[in-house]
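Q: Have a look at this one.
Quick note: the coordinates plus some simple rules give every number you see, no bench work behind them. Computed from a predicted model, the values in this text were never measured in an experiment. All Cβ positions, glycine included, derive from the backbone under ideal geometry; neighbour counts span all protein chains shown.
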């Protein structure tokens, strides 16, 4: 287990080059844009409507559940029951 030479390149992503957001066209990207444009708290039902109006293609019968699951994984603030903001 010898130490790496001083001129060796480090593996992985360079420091300070973190991801700048969500993949364009993804569900999380659509949700993020809706929350940022709203300027205030938005209900899950309104987010789901906004996602479909913004052109997100899905065949899901339970898009509201997918939106809820995506929001749980995102960095958003919950301000009330079913109400979220950036």
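Q: Would you calculate the separation in nanometres between label points at residue 43 and residue 58, each defined as 7 Å from the Cα along the Cα-to-beta-carbon direction?
A: 1.7
Q: Just to confirm the number: angle between the C-alpha axis of helix 63-72 and the first principal axis of the chain, 0 to 90 degrees, nearest 10?
A: 40
Q: So for the chain, averaging the separation of alpha carbon pairs under 8 Å that are six or more residues apart and normalising by length, what relative contact order in percent results?
A: Result for the chain is 32 percent.
Q: Evaluate E = 1/(1 + (r/R0)^6) for residue 79 and residue 8, where r is the Cβ-Cβ distance and R0 equals 41 Å; express this FRET efficiency to the nearest 0.05.
A: Plugging the Cβ-Cβ distance into 1/(1 + (r/R0)^6) gives 0.25.
Q: How are the Cα pair distances of the chain distributed, in percent, across 5 Å bins from 0?
A: Calculated over all Cα pairs of the chain, the distribution is 3, 12, 22, 19, 11, 7, 5, 6, 5, 4, 5, 1 percent.
Q: Now a separate question. Calculate how steeply helix 44-53 sits against the longest principal axis of the alpha-carbon atoms of the chain, using the helix alpha-carbon long axis, and give the answer as 0 to 90 degrees to the nearest 10.
A: The angle comes out near 80 degrees.
Q: Please sort 54-65, 28-39 by packing, taking for each peptide the average over its residues of neighbouring beta carbons within 10 angstrom, highest first.
A: Highest to lowest by the protection proxy: 28-39, 54-65.
Q: How large is the helix-only mean residue ellipticity at 222 nm for the chain, computed as the sum of -39500 (n - 2.57) over DSSP H runs with n ≥ 4, divided by its residue count, in deg cm²/dmol to the nearest 500?
A: -11000 deg cm²/dmol
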